[in-house]
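Input: a single structure, listed below in structure tokens.
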């Protein structure tokens, strides 16, 4: 039976210990594996205080990030944005991006991959980070 309603707090974190995500709490909520989704994946990531996620891109998916709690930053291309609760970040296909939480705050986000039901189908490529211009 397909799960039509899911809760992040009732979903166990995934084991990403051998990846660049190993220090983050990541939970897949809607996906090809869980609901047999065809064109979308939704997840939650909790960033511990001062943690980051490497600069990367998805060649086969757009991404939307919604900040649920806490504060941090997001880079999309060469642009740097301070983000907090209620902010929504749009990341186009192939746009290099990265994120991090403030040093003294946990940040929780929801993320949506549009056009791909899994990270494997969205593609994931680490890229050199673009330095922030003051």
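The values are calculated or read from the model by the stated rules, or taken from the named source; none is laboratory data. Small disclaimer: the values here were computed from a predicted structure and weren't measured. All Cβ positions, glycine included, derive from the backbone under ideal geometry; neighbour counts span all protein chains shown.
Worth pointing out:
- Count of residues meeting criterion [surrounded by 14 or more Cβ atoms within 10 Å (Cβ to Cβ) and more than 17 Å from the chain's Cα centre (by Cα)] in region 1-10: 1
- Yes/no for residue 58 being at pLDDT below 95 and either touching a strand residue (DSSP E or B) at 6+ places or on another chain (Cβ under 6 Å) or within 22 Å of residue 117 (Cα to Cα) (or both): no
- Among the residues listed as 100, 50, the single one being closer than 25 Å to residue 127 by Cα, touching a residue at least 24 places away in the same chain (Cβ under 8 Å) and in a strand (DSSP E or B): 100
- Within region 11-36, the set of residues being surrounded by 18 or more Cβ atoms within 10 Å (Cβ to Cβ) and in a loop (DSSP other than H, G, I, E, B) comprises 24, 31.
- For region 43-53, a residue qualifies if it is surrounded by fewer than 16 Cβ atoms within 10 Å (Cβ to Cβ) and on the phi < 0 side of the Ramachandran plot, and the qualifying residues are 48, 49.
- Condition met for residue 86 (in contact with a strand residue (DSSP E or B) (Cβ under 7 Å, 6 or more places away or on another chain), loosely packed, with under 13 Cβ neighbours inside 10 Å and outside any strand (DSSP E or B)): yes
- In the set 67, 40, only one residue is in contact (Cβ under 8 Å) with a residue 12 or more places away in the chain and crowded, with 19+ Cβ neighbours inside 10 Å; that residue is 67.
Yes/no per residue for (1) at pLDDT 95 or above; (2) in a loop (DSSP other than H, G, I, E, B); (3) in contact with a helix residue (DSSP H, G or I) (Cβ under 9 Å, 6 or more places away or on another chain):
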residue	(1), (2), (3)
105	yes, yes, no
110	yes, no, yes
117	yes, yes, yes
121	yes, no, yes
128	no, yes, no
131	no, yes, no
134	no, yes, no
